[in-house]
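Here the structure is laid out as structure tokens; the discussion comes afterwards.
Nothing in this text is a laboratory measurement; each read-out follows from the coordinates by a stated rule. The structure presented is a predicted model; accordingly, all values stated were derived computationally and were not measured. Glycine gets a Cβ as well: all are built from the backbone with ideal geometry, and neighbour counts include every protein chain shown.
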């Protein structure tokens, strides 16, 4: 397999991690806003001189700011990127990262006082035009994350190699079992059974396609990740179902054929708002009358989506370029322009928080294996922040994840 390694241990080679240019005015404003934001949060913020901020008690999560000058300069340049970059660079740290970030996520919409929110666009950059999800742009965006290294993902995913929210039973702690339950939920929503012609948009590493084929379905699975395609085909062959599954390196916009069922798990987040009508139009075009769709989507509240839809964030810069979480309302609004209708739904938000915690624990416990693949300590801090940041979002219910059952009129 081709393995793509991020930069080496010199953090200057990571974009944004060199010492930021001095901007005393912005840094001063950022420090005042930060102090105002944390004063009522149930956290402890410890400064180098011994000063403590926040409303947290002795059992509250602790944020240790090690380099306050650099930390506040980064926040002043762009808080939505600088906060995460400062963790990557070691300006601050915490031994309970997700616990610390959860109160921030609960107050995300109000951390900046309302009178100052109008100035947000002055310091927040727009998403780069190069990260638009054109056919070529989407392939490059996916390449930057999913083609990092199959071996990397194998260190923290379970045996199913499933990189999306699991669905745990109340009595189970088995992640692989919870992932198979999630997949079965999507396949049930799509009505997949023996003889069903299934289109999967977003192959991942092949587990959903395998499970659909084991039900007797004929599966066409689309991916634009060369790394994922290679390993998915190996896993499909090992499962003995390669006669029922065809994996194509193809964008959903170029999909052909007619299908009884379409399934897509946490792929819509990478589509981009500009292309949502194209995406749902493709689902409508490819699904036969009376057909069904099982869709799993990470969502955010509609008002927050509208407020942040043009914002360039840390998650865009370092993890998912070109992405945008839709709202349920945005999904329904786009469905209304087609012959597709939402008929079933269930939230798995708390299950995603648990899934992310499992992944982070595994990643941390197996860091030596990750390091042996060539990834440096800055990458480790980036990945820890990414997983904890997402877990906090689900714990705070700032974001959610839904399984959606969609039908097309006969």
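Expressed in Å, the radius of gyration and Dmax of the Cα atoms of segment 276-316 are 14.5, 42. Residue exposure proxy: 43, 288, 370, ordered by other Cβ atoms within 10 angstrom of their Cβ from fewest to most, comes out as 288, 370, 43. Note on segment 31-89 and segment 388-410: Cα centroid distance 29 Å, given to the nearest whole angstrom.
From its DSSP helices (H runs of at least four residues, each -39,500 (n - 2.57)), the chain gives a residue-normalised ellipticity at 222 nm of -13000 deg cm²/dmol.
Can you tell me what share of the DSSP beta bridges in segment 252-410 is antiparallel? A percent to the nearest 5 is fine. In segment 252-410, approximately 70 percent of DSSP beta bridges are antiparallel ones. With the cut-off at 1.5 for a/c, could you classify segment 201-292 from its C-alpha gyration tensor as rounded, prolate or oblate? Oblate shape, in that a/c is at least 1.5 and b/c is the bigger or equal ratio. Counting every C-alpha pair in the chain, the share spaced more than 28 angstrom apart comes to 49%.
From the alpha carbon centroid of segment 318-359 to that of segment 191-216 is 20 Å.
The spread of Cα positions in segment 125-277, taken along each principal axis and listed from longest to shortest, comes to 45, 37, 28 Å. Label reach from residue 140 (point 7 Å along Cα→C-beta): in segment 272-301, amide nitrogens under 18 Å belong to 272-275.
Principal-axis analysis of the Cα atoms of the chain puts helix 276-286 at an angle of about 10° to the longest axis.
Among 32-40, 71-79, sorting by the average number of other beta carbon atoms lying within 10 angstrom of each residue, highest first, gives 71-79, 32-40.
Considered as an equivalent ellipsoid built on the Cα gyration tensor, segment 256-410 has semi-axes of 32, 17, 15 Å, the largest given first. For the chain, DSSP calls about 50 percent of its internal beta bridges antiparallel. Sorting 300, 63 from the fewest to the most surrounding beta carbons within 10 angstrom yields 300, 63.
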